[in-house]
Structure formats: C-alpha cells, structure tokens
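Read the structure below first, then the notes.
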Ligand SMILES: [Zn+2]
C-alpha cells in the first residue's frame, strides 16, 4: 500500500515547473548573524551524534523574513530531522512580521468568498464553543457538520478540546491563537498559556489571561497542577524538546494527558514535495519528527508508550502551500488546471492517511506520564 501511494504521488510531481522555479531563484541571501547561530553536536531529540544530510542551503521562502541558508540533517538513530546550525533561543525565531507571501492580490470576488468562509466557520465555532465571533452565519454549523475535512481543520485549530469539563486546568504551550484559548475558556477550562516570545500581543492583552513568556521549564508553574497540556505547533520550534516534555510530565496531575500536534516528516506531502514541503519552514522549525522519533522522545521524557493518533485530514492546505513554494504560481486564476490537480493530490493523500494515520501531514499524539498510565484517561 505504501509503495502504491508513493508511486502515484511521485508520478504527479511537478518536475518541469520545479526546475523552472529553482532556475529563477534569486542570488544568495544575506547571512544570518554569526553571533546568533549555534551549532549542534547531537540530535536534540535523542542525543545521538550519528547523522546524515537531508537538505542543504534552504532559505526562508515561506515567509521571506529570515536571512540565511539552512541545512536539515536526519538523525540515524531516531529518524528525526533537525536544523544545524540553528538560530539561538535568544535570537528569536520570527525575525519580524510573519505574514505569508501571497503573490496575487485577491480580487473582489475572492474577498467576498473568504468573508463567507470565515462567517460559516465562525457560525460553527460559536455553536460548538459558546463564543460570539463575528462575522458569523448560523448556517455554518450545518455547513460544517456535513464536511468532515473542513470540520477536522477547525477542530485542529481549536486543539480538539473536550467540552463540558469545568474547573479543569489546561496548559497551552505555544499559544496557537486567541480563538483557541477563547474556545477553551468558554468550555470551562482554566487556561494558562506559555508563549515562546512576546510576538503574540493579542494573547498578552486578553483579560484575566495567565500568560507566561519563555520555556515551560522556566515558567515557574506548580507541579501536578494541570489536567491537560496542549502542545500544538510548538514542539517543532523548541530548542530543547526533551527538557520541555520532561517539564510537562511534572506539571500533569495523575491521569493527566498531553496532546501534541506537529508536522509529520513521514507524511505523503513531504515525500512528494521534499525540500519544498511547506512544513520545513526554516529557520523557525528546528526539529521535525516521524511517528517513531516522537514515540522515542515521549518515552525518554517519561510518558507512556500507549498513545493514540487522530487523522487530521490536513493535506489540502499543506499541498497548496507546498505547491506555491514549488512553482510560485498555483494561486493564479490562469492555472486552474494545476489548482484542480493539487486538490486531487490532496484528496488522495487524505484518503491514504485514513488508512495509515502516520502518513498524515501532522502527527497528533495523546500520551500520559508513565506513573499514571494505568489510570482512567481524560476523555478525548
Ligand atoms: Zn535523534
């Protein structure tokens, strides 16, 4: 089955356009400041010193805000990929405003379509979480009930939080969005947020928000005080993932759960787009995991080997972003045929991920500390 899926996507690789995009690449970028670089001797996930090159001379093509060229290496022991050299923790990962590049200014029709999409989405979120997001159409709830892919994407953005559990404590590591934090609070959770830096002012300005800036290990939080820790879009950006997960294990109450969502290095999207896979995102992403390397890291951090994976059905956005990095032109209306091919490829990848969740674009893992692995789990 694996070979069939890979063969189909390999046959659909945009070789000609990829070569053209590479040929048109700009001159060498400005270097990253040398005093804000650090060199690793060992894999940050498992500590092994045995590695092999994965990609060399990558640039920040996704957001175009960071200077420098970057190399990913694959750890021969745990199969994770890591950036080396990499920016220091003090350097800050975002390097200025982080808007994604959009080569084409959307027209009136596109803007109206996007507004409709947002309103339908907000209608669904308001019904499920008791928020009052605007604009919103109540029809959005029924619109998304019958669309599992878009519903799964919304749930991913909100962190898949179980509702109706008042007075439970949630630690949100990474602070993915004020909307997700608002959804958790409206569902009865007492939320604490750990942000990697000060560049999320919307969260810092939330009333009564318990926000810490820095690492989990240094946040000064009480041990054994959280029922759920949500690490979404943050693990891949941690300089010390093992130490951070060990700190998370100490912060959980008996029976508590950690949920992690991170890009999947073994995804079909990565196998298809390779160095143009949007989730590589250097130099913001420092470590990228396969299911096996994440299992190993969780075990080393004191979490039980028993965990579940969900199917995030997230191939479409990943394929769109990766295609844009590959050819730089998919979103032009003139390339409607290419857009249709992207949708088909993403649909195929999603179908494959239904059969094998560890081929999905993201790994979604739930785990519990070893000491509480035999207790009743928190409901998903
Ligand atoms: Zn390793």
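The values are calculated or read from the model by the stated rules, or taken from the named source; none is laboratory data. The shown structure was predicted, so the numbers you read here are calculated from the model rather than taken from an experiment. FYI the Cβ positions are ideal-geometry reconstructions off the backbone, even for glycines, and counts take in every protein chain you see.
Please go through the range 240-256 and give me each residue that is in contact with a helix residue (DSSP H, G or I) (Cβ under 9 Å, 6 or more places away or on another chain) and modelled with pLDDT of 90 or more, ordered by number. If the condition is that a residue be in contact with a helix residue (DSSP H, G or I) (Cβ under 9 Å, 6 or more places away or on another chain) and modelled with pLDDT of 90 or more, then 240, 241, 242, 244, 245, 246, 249, 252, 253 are the ones that fit.
Might you check whether a residue that is in a strand (DSSP E or B), at pLDDT below 85 and within 19 Å of the chain's Cα centre (by Cα) occurs anywhere in the range 223-239?
Scanning the range 223-239 turns up at least one residue that is in a strand (DSSP E or B), at pLDDT below 85 and within 19 Å of the chain's Cα centre (by Cα).
Can you work out which of the residues in the range 148-182 that are part of a helix (DSSP H, G or I) and within 15 Å of residue 261 (Cβ to Cβ) is modelled with the highest pLDDT? If we take residues in the range 148-182 being part of a helix (DSSP H, G or I) and within 15 Å of residue 261 (Cβ to Cβ), then 154 is modelled with the highest pLDDT. Is the range 324-337 home to any residue that is modelled with pLDDT of 85 or more, surrounded by fewer than 23 Cβ atoms within 10 Å (Cβ to Cβ) and in a helix (DSSP H, G or I)? So far as the range 324-337 goes, no, none of its residues is modelled with pLDDT of 85 or more, surrounded by fewer than 23 Cβ atoms within 10 Å (Cβ to Cβ) and in a helix (DSSP H, G or I).
Here's the yes/no breakdown for (1) closer than 15 Å to residue 322 by Cα; (2) in contact (Cβ under 8 Å) with a residue 24 or more places away in the chain; (3) outside any helix (DSSP H, G or I):
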position	(1), (2), (3)
243	no, yes, no
246	no, yes, no
249	no, yes, no
254	no, yes, yes
261	no, yes, yes
271	yes, yes, no
275	yes, yes, no
279	yes, yes, no
284	no, yes, yes
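Counting only residues that are under 30 Å from residue 342 (Cα atoms) and away from the ligand (no atom under 13 Å from the Cβ), the range 287-307 holds 1 of them.
Identify the residue in the range 37-47 that is touching a residue at least 40 places away in the same chain (Cβ under 8 Å) and out of contact with any helix residue (DSSP H, G or I) (no Cβ under 9 Å at 6 or more places or on another chain) and, among all such residues, is farthest from residue 242 (Cα to Cα). The qualifying residue farthest from residue 242 (Cα to Cα) is 39. So in the range 48-66, with the set limited to residues that are under 19 Å from residue 265 (Cα atoms) and in contact (Cβ under 8 Å) with a residue 40 or more places away in the chain, which one is nearest to the ligand (Cβ to nearest atom)? Selected residue: 55. Restricted to the range 286-304, and to residues there that are part of a loop (DSSP other than H, G, I, E, B) and closer than 16 Å to residue 246 by Cβ, the residue that is nearest to the chain's Cα centre (by Cα) is 301.
Condition (residue is modelled with pLDDT of 75 or more, assigned to a loop (DSSP other than H, G, I, E, B) and closer than 27 Å to residue 292 by Cα) applied to the range 65-76: is it met by at least one residue? Within the range 65-76, one or more residues are modelled with pLDDT of 75 or more, assigned to a loop (DSSP other than H, G, I, E, B) and closer than 27 Å to residue 292 by Cα.
Residues are listed down the side, and each one gets a yes or a no for (1) at pLDDT below 75; (2) surrounded by fewer than 16 Cβ atoms within 10 Å (Cβ to Cβ); (3) more than 30 Å from residue 188 (Cβ to Cβ):
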residue	(1), (2), (3)
103	yes, yes, yes
126	no, no, no
134	no, yes, no
146	no, yes, no
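State whether the residues of the range 296-314 include one that is farther than 26 Å from residue 150 by Cα, in contact with a helix residue (DSSP H, G or I) (Cβ under 8 Å, 6 or more places away or on another chain) and at pLDDT below 90. Scanning the range 296-314 turns up at least one residue that is farther than 26 Å from residue 150 by Cα, in contact with a helix residue (DSSP H, G or I) (Cβ under 8 Å, 6 or more places away or on another chain) and at pLDDT below 90.
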